[in-house]
1. Check residue 68: other-chain or 5+ apart residues with amide H under 5 Å from its amide H, H built from backbone geometry?
2. Using the charge dipole of region 71-112 (Lys, Arg: +1 at Cβ; Asp, Glu: -1 at Cβ; taken about the Cα centre), state which of 83, 98, 111 has its Cα farthest towards the positive end.
3. When a footprinting reagent is the concern and you count Cβ atoms within 10 Å, what order do 168, 141 take, fewest first?
4. In region 78-137, how does Rg compare with the Kirkwood Rh, expressed as the Rg/Rh ratio over alpha carbon atoms?
5. Show me 70-82, 115-127 ranked by packing, highest mean number of other Cβ atoms within 10 Å first.
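The numbers here are math on the coordinates, done by the rules we state, and not lab data. Since this is a predicted model, take the numbers as computed values, not measurements. Positions of Cβ are generated from backbone atoms using ideal geometry, with glycine treated the same way; all protein chains shown enter the neighbour counts.
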Amino acid sequence: MSVTASIPDTSLGLTSSEIQILRQQQQIALQGSHGANGVARGRGTGRNSNSSSRAASAASSHGRLILDPMSLRALSLQLDGLQQQIRSRIDYLEEQMQLSIQNSYDRAGNIIRNADAEIARTRSILTSIDELDNELAKIGHIREIVKAYRGRIENIDQRLDQAARRRH
């Protein structure tokens, strides 16, 4: 295969980061096909496959997309594998995010339940304080009445004492 069976990867309408990914994945795909050729290499077709891989690698290193079916298939398989890895990672991260959200929701639910319990407890305490304030006010009122009766009784007792002294 010659370098003419390729096109510049910059002519594909890709962004610079997409071109960088394409170049990296094409190199990985070519390295994978080198390994496959090395293992599957037998008599006859081994030389052609090996020289084809070298030509594809040379084209790739010069920023060109190789157009032969085997190179494109290897690149397609490499990109499919990469997409699957990315999808798997996204699925895993989404699952982890859901767990995190659920944990946060559970913690928030516990906090709300605890807060509700503390609010109920505070209301109960405030009700008890109000009841005790009412009892205290009643006792204060009774105390004033008792104090008034005591003053009257002491006043009557003093008059009786004075009257008894006069009689003597």
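1. Answer set, sorted by chain and number: none.
2. It is 83.
3. Going from least to most buried by this count: 168, 141.
4. On the way: Rg = 25.5 Å, Rh = 15.7 Å.
Ratio of gyration radius to Kirkwood radius: 1.62.
5. Values: 70-82: 16.5, 115-127: 10.0.
The packing order, highest mean first, is 70-82, 115-127.
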